[in-house]
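First the structure, in the form of structure tokens, and then the observations on it.
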Amino acid sequence: MTEQPQQPAQPPQPPQPGYGYPNQAPGQAPGANPYGAPQGGYPQDAYQQPGAAPGYGYPQQGAQPGYGYQAPPTGGMYTGDPNAPYGYDPYGRPYSDKSKIVAGILSLFLGSFGVGRFYIGHVGLGLGQLFTCGGFGIWALVDGIILLTSSNTTDSNGRVLRG
């Protein structure tokens with residue numbers, strides 16, 4: 001067996017310009033922007049309207065509150081919260097997608113069949129009203145009035161009915 005001569009270790013060579021750098025044209029210096037924009041992003045006034053006072057464009061990090069983009073208020077119908085799609089009542093309880101007015105009217109007119117309770121998801125009470133014919137109309141009448149006047153009535157998910 002003959003021993004082969006060892007090759008001297010060569011230090012790693014930096015990549016050639018244009019090879020190994022993303023978005024770099026051949027012959028361009030490493031780190032240079034191929035589009036001619038200044039390094040570090042755009043100047044602060046890049047999104048300003050002509051003639052606008054400086055500082056009133058898109059909000060910058062640490063911008064003064066009240067200027068630039070304003071987030072929509074959360075008191076509207078849809079808050080973006082999946083647990084409370086219709087917002088919160090003054091006590092912090094989430095509103096239901098069901099209406100207490102609709103539930104009360106259904107209970108007044110079709111309470112003998114338990115429709116008002118089926119509407120808000122209380123299937124057990126709806127079946128009780130159905131099998132007893134709404135307590136011969138008395139239970140349906142009282143239940144309809146309670147649904148219309150109470151502020152604590154909840155749906156089957158525990159959310160407060162909307163007014």
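The amide H of SER96, built 1.01 Å from its N in the peptide plane, has VAL160, LEU161, ARG162 as neighbours under 5 Å, considering only residues 5 or more places off or on other chains.
Placing unit charges on the Cβ atoms only, positive for Lys and Arg and negative for Asp and Glu, gives region 97-162 a dipole magnitude near 120 debye about its Cα centre.
Values quoted throughout were computed directly from the atomic coordinates according to the rules given, and no laboratory measurement underlies them. This structure is a prediction, so every number in the text was calculated from the model and none was measured. Don't worry about glycine lacking a Cβ; one is built from the backbone with ideal geometry, like all the others, and counts go over all protein chains shown.
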